[in-house]
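A.B. asks: For reference, the structure I am asking about is given below.
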Amino acid sequence: MVRRLVIGAAGQLGIELVLRMQKEFGVESVDISDIRVPENDAAMRSKFLHLDATDEGALSKILEEGQYDEVYHLAAMLSATGEKKPLAAWDLNMQSLLNVLEAAKEGLIKRLFWPSSIAVFGPSTPKNRVPQDAPLDPTTVYGISKQAGEFWCRYYHEKYGVDVRSVRYPGLIGHRSVPGGGTTDYAVDIYHFAAKDEPYTCFLKADQALPMMYMDDAVRGTLELMGAPKSKITVRTSYNLGAMSFTPSEVGESIRQQRPQFELRYAPDQRQAIAASWPSSIDDSAANRDWGWQPRITIDDMTSLMLDAISTKNETFEH
Ligand code: SER
């Protein structure tokens, strides 16, 4: 059995990835760790290990005891929170990555996954269908940490043969977990308000297009990348990964097809400037060529899935 460890399992992506791994490979196949206990009973069926990923000694101990084949290192501070605590974001994002890379170099991890982000792009990158090898130009501490992280990953691969794989996620949207401190979070929040028939005030401008992805696509893509033969992986910084591109006003329209009364207002804040520096769509042909990446979920599919799932959950809580 392939043994997996998810670091940052209590986060938006962590919970979803763990639930999918449990379903596909069995509860025993994945251990979970975080600095806080995940608020998800199903995820907690896996063995939970308390871990501050910046603590190199604690990490090594867990890895030595667990003998994992695959480690998914997701712990990070996202873009908006990172701007409030720049040095803390840098410390967490970089130190924890260097710790897992060192552990992989020592042979404690066979295959490592680490996420990068569209936040590596910036004002000088093309806005539409940004190519795989576009210049990186991050404007946030989060983006700078992802840019540096990408090159650290490639360095450890080239110098020490570490099998580390990565994708640049767009904004991720799912109903099983909530994001924390990101610029793309509005696209999750909006569905929670719409499902309660409440108006939503968006912190980005109506016409701010960003690359986005439904969580099921993101999780599937991650597992496909990790399951691909080593010889297929030609990008050792991080693969562009695309699915959809939409503006807040387009999500509003998609929601109104199902909830015609839905009201969307706008009050852009400091997150608008971050969003404006990012591209609006992604060219992910390298991921398609190397390991067959193809997104499946469209904006209207996503709206149905999100509203149905959140409404059902709300009803269960109310009764
Ligand atoms: N979703 C992230 C953020 O908004 C981008 O990687 O910070």
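A.B. asks: What helices in the chain pass both tests, a Cα length along the helix axis of 24 Å or more and a mean Kyte hydropathy of 1.0 or higher, using whole DSSP H runs?
C.D. replies: Span-like helices in the chain: none at all.
A.B. asks: Over the stretch 6-112, what is the relative contact order in percent, taking alpha-carbon pairs closer than 8 angstrom and at least six residues apart?
C.D. replies: Details: 158 pairs, mean separation 28.8, N = 107.
Over the stretch 6-112, the number comes to 27 percent.
A.B. asks: Hey, another quick one. Please find the FRET efficiency linking Val2 to Ser124, where r is the Cβ-Cβ separation and R0 is fixed at 35 Å, and quote it to the nearest 0.05.
C.D. replies: Taking R0 as 35 Å, the efficiency between Val2 and Ser124 is 0.30.
A.B. asks: Please list, in chain and number order, the residues 5+ apart from Tyr266 or on another chain whose amide H is under 5 Å from its amide H, with Hs placed from the backbone.
C.D. replies: The answer is Cys202.
A.B. asks: Okay, next question. Along the Cα-to-Cβ line of Glu253, 7 Å from the Cα, sits a label point; which residues in the stretch 163-205 have backbone N less than 20 Å from it?
C.D. replies: 186-188, 190-191, 194, 200-205
A.B. asks: Just Asp31, Asp41, Asp163 to compare: in a GNM of the chain, with alpha carbon springs under 10 Å, which one fluctuates most?
C.D. replies: Ranking Asp31, Asp41, Asp163 by mean-square fluctuation puts Asp41 first.
A.B. asks: Then there is this: Using Cα-Cα distances under 8 Å and only pairs 6 or more residues apart, what relative contact order does the chain have, in percent?
C.D. replies: RCO, the chain: 18 percent.
A.B. asks: With a Förster radius of 25 Å, plug the Cβ-Cβ distance of Glu39 and Gln95 into 1/(1 + (r/R0)^6) and report the FRET value to the nearest 0.05. Intermediate results must be reported in sequence, preceding the final value.
C.D. replies: On the way: r = 25 Å, r/R0 = 1.01.
Result of the calculation: an efficiency of 0.50.
A.B. asks: Moving to a separate point now. Rank Ala88, Thr183, Leu112 by how far each Cα sits towards the positive end of the charge dipole of the chain (+1 on Lys, Arg Cβ; -1 on Asp, Glu Cβ) and give me just the farthest.
C.D. replies: My answer, from the dipole projection, is Leu112.
A.B. asks: While we're on this one: Tell me the mean residue ellipticity at 222 nm calculated for the chain from its helices only (DSSP H runs of n ≥ 4, each -39500 (n - 2.57), averaged over every residue, nearest 500). Working shown, then result.
C.D. replies: On the way: 12 runs with 132 residues, N = 319.
The helix contribution divided over the chain gives -12500 deg cm²/dmol.
A.B. asks: Once you place label points 7 Å from the Cα toward the Cβ at Arg265 and Arg296, how far apart are they in nm?
C.D. replies: For the pair Arg265/Arg296, the computed spacing is 3.9 nm.
A.B. asks: Take the chain, connect every pair of alpha-carbon atoms lying under 10 Å apart with a spring to form a Gaussian network, then pick out the residue of Gly14, Gly26, Gly242 with the largest mean-square fluctuation.
C.D. replies: Comparing Gly14, Gly26, Gly242 in a Gaussian network model of the chain, the most mobile one is Gly26.
A.B. asks: Explain nothing, just the number: dipole magnitude of the chain about its Cα centre with +1 on each Lys and Arg Cβ and -1 on each Asp and Glu Cβ, in debye rounded to the nearest 20.
C.D. replies: Numbers: 34 positive and 43 negative charges, 123 e Å.
Dipole magnitude for the chain comes out near 580 debye.
A.B. asks: Right, here's the next one. Hey, got the dipole for the stretch 1-123? About the Cα centre, +1 on K and R Cβ, -1 on D and E Cβ, debye to the nearest 20?
C.D. replies: Once rounded to the nearest 20, the dipole reads 260 debye.
A.B. asks: Here is a further query. Please give the charge dipole size of the stretch 234-319, origin at the Cα centre, charges +1 on K and R Cβ atoms and -1 on D and E Cβ atoms. Round to the nearest 20 debye.
C.D. replies: Roughly 220 debye, rounded to the nearest 20.
A.B. asks: Considering amide H positions built from the backbone, and no H for Pro or chain starts, which residues 5 or more places from Asp137, or on another chain, come under 5 Å of its amide H?
C.D. replies: It is Phe121, Gly122, by chain and number.
A.B. asks: Let me ask something else. How much length would be gained if the chain were fully extended between Glu198 and Ser304, taking 0.36 nm per residue of separation minus their Cα-Cα distance, in nm to one decimal?
C.D. replies: So the chain would gain 36.5 nm between Glu198 and Ser304.
Since every read-out is calculated from the coordinates, none of them should be taken as a lab result. Worth saying up front: this structure is predicted, and the values here are computed from it rather than measured. Don't worry about glycine lacking a Cβ; one is built from the backbone with ideal geometry, like all the others, and counts go over all protein chains shown.
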